[in-house]
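The values are calculated or read from the model by the stated rules, or taken from the named source; none is laboratory data. What you see is a predicted model; the values in this text were computed from it and never measured. Please note: Cβ atoms are built from the backbone with ideal geometry, for glycine as well, and neighbour counts cover all protein chains shown. Side chains are part of the model used for accessible areas, which takes the heavy atoms of the whole protein and leaves out ligands, DNA and RNA. Shrake-Rupley method; radii C 1.70, N 1.55, O 1.52, S 1.80 Å.
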Amino acid sequence: MDPRVKEILDKSSRVVFFGGAGVSTESKIPDFRSESGLYKAMNDYGYSPETMLSRTFFDNKTALFYDYYKKNLIYRDAEPNKAHIALANLEKEGKLTGVVTQNIDGLHQKAGSKRVYELHGSVLRNNCMDCGKFYDLDFIMDESNCRDGIPVCPDCGGIIKPDVVLYEEALDDRVIRGAVDAIASADTLIVGGTSLVVYPAAGLIHYFNGDKIILINKSETDADRSADLVIHDSIGKVLGD
């Protein structure tokens, strides 16, 4: 771990981590919002990622939504990287009180983190829109469970929707409240792997009333000037061994 980060954490007792796509890209999960992601979406489908990941698109072009979703947002072979593992270890030590993430891949939990607030949901959870029955990722990825490319509930025939917050959908109130409470009660906030441009999620850092903000991101952000420590580098390199 970077000694400057360690010095702050050694004096902290309630640390919260707020992270974005940059945490997952180090596990080889591409950021669909990147320039290359936009190009690929427009080139392959003729629509922007934001359009295809909207609730309107899901409702009206469900099969095309799932084709894009399965090929571009699902990475079942991805493993936690040094950042995920370091955060899980900080929680085990009693230092970290929560992870607030914009990512939907479940890698924080896979690394061992228990208190994770998934602002945008998770690809690992899926529910029938009619009867509410839960289905895991393996079920929706199995084409034998699909009708015309759309996963359907074998019990009632309803369409299965990922528990992922799409554009035009509101964030889950319970998750938001948990994230706000965690951030508001922290004495140190680590912000990592996010450019802080995706709202309303990015606005949650304004609830921080603690002592130190550590910001780790490869590029500059608008929050750099208000952070106590800014490191423009790989988050896995900064937090890892």
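Tell me which of these residue 155 doesn't satisfy, since it passes every other one: (1) within 14 Å of the chain's Cα centre (by Cα); (2) outside any helix (DSSP H, G or I).
(1)
Looking at (1) assigned to a helix (DSSP H, G or I); (2) surrounded by 14 or more Cβ atoms within 10 Å (Cβ to Cβ); (3) free of Cβ contacts under 8 Å to residues at least 12 places away in the same chain; (4) not β-branched (Val, Ile, Thr), find the lone condition where residue 83 falls short.
Going through (1) assigned to a helix (DSSP H, G or I); (2) surrounded by 14 or more Cβ atoms within 10 Å (Cβ to Cβ); (3) free of Cβ contacts under 8 Å to residues at least 12 places away in the same chain; (4) not β-branched (Val, Ile, Thr) one by one, residue 83 breaks only (3).
Which pairs have Cβ atoms under 6 Å, sit 6 or more apart or on different chains, and link a residue in segment 13-40 that is in contact (Cβ under 8 Å) with a residue 60 or more places away in the chain to one that is open to solvent by 10 Å² or more (accessible area, probe 1.4 Å) and of a type in the set (Phe, Trp, Tyr)?
29/75
Looking at this structure, is residue 219 closer than 16 Å to residue 17 by Cα, surrounded by fewer than 17 Cβ atoms within 10 Å (Cβ to Cβ) and of a type in the set (Ser, Thr, Tyr)?
Against the criterion (closer than 16 Å to residue 17 by Cα, surrounded by fewer than 17 Cβ atoms within 10 Å (Cβ to Cβ) and of a type in the set (Ser, Thr, Tyr)), residue 219 does not qualify.
Given the condition of a type outside the set (A, V, I, L, M, F, W, C), free of Cβ contacts under 8 Å to residues at least 24 places away in the same chain and touching a strand residue (DSSP E or B) at 6+ places or on another chain (Cβ under 6 Å), answer yes or no: does some residue in segment 90-108 qualify?
yes
Among the residues of segment 25-33, is there at least one that is over 15 Å from residue 162 (Cβ atoms), of a type in the set (D, E, K, R) and assigned to a helix (DSSP H, G or I)?
No, every residue in segment 25-33 fails to be over 15 Å from residue 162 (Cβ atoms), of a type in the set (D, E, K, R) and assigned to a helix (DSSP H, G or I).
Going through segment 166-218 one residue at a time, which ones are of a type in the set (Ser, Thr, Tyr) and either more than 17 Å from the chain's Cα centre (by Cα) or assigned to a helix (DSSP H, G or I) (or both)?
If the condition is that a residue be of a type in the set (Ser, Thr, Tyr) and either more than 17 Å from the chain's Cα centre (by Cα) or assigned to a helix (DSSP H, G or I) (or both), then 185, 188, 207 are the ones that fit.
Scan (1) within 24 Å of residue 239 (Cβ to Cβ); (2) in contact (Cβ under 8 Å) with a residue 24 or more places away in the chain for the single condition residue 166 breaks and write down its number.
(1)
Filter segment 123-141 down to the residues that are assigned to a strand (DSSP E or B), open to solvent by 20 Å² or more (accessible area, probe 1.4 Å) and touching a Leu at 6+ places or on another chain (Cβ under 7 Å) and list them by number.
Answer for segment 123-141, where residues must be assigned to a strand (DSSP E or B), open to solvent by 20 Å² or more (accessible area, probe 1.4 Å) and touching a Leu at 6+ places or on another chain (Cβ under 7 Å): just 124.
Restricting to segment 222-239, name every residue that is open to solvent by less than 40 Å² (accessible area, probe 1.4 Å) and touching a residue at least 12 places away in the same chain (Cβ under 8 Å).
The answer is 223, 227, 229, 231, 234, 235, 236, 238, 239.
Under the condition of being among the basic types (Lys, Arg) and assigned to a helix (DSSP H, G or I), which residue from segment 34-80 is farthest from residue 217 (Cα to Cα)?
55
Sort out which residues of segment 164-199 are surrounded by fewer than 17 Cβ atoms within 10 Å (Cβ to Cβ) and acidic (Asp, Glu), and write them in order of number.
Listed by number, the residues that qualify are 168, 169, 173, 181.
Mind telling me which of the residues 111, 78 ends up being under 19 Å from residue 140 (Cβ atoms), at pLDDT 95 or above and of a type outside the set (Phe, Trp, Tyr)?
None of the other options fit; the residue is 78.
If you check every pair at least six apart or on different chains, which have Cβ atoms under 9 Å apart with a residue in segment 122-139 that is on the phi < 0 side of the Ramachandran plot and in contact (Cβ under 8 Å) with a residue 60 or more places away in the chain first and a residue that is in a loop (DSSP other than H, G, I, E, B) and crowded, with 16+ Cβ neighbours inside 10 Å second?
Taking only residues 6 or more apart or on different chains, the pairs are 137/74; 137/106.
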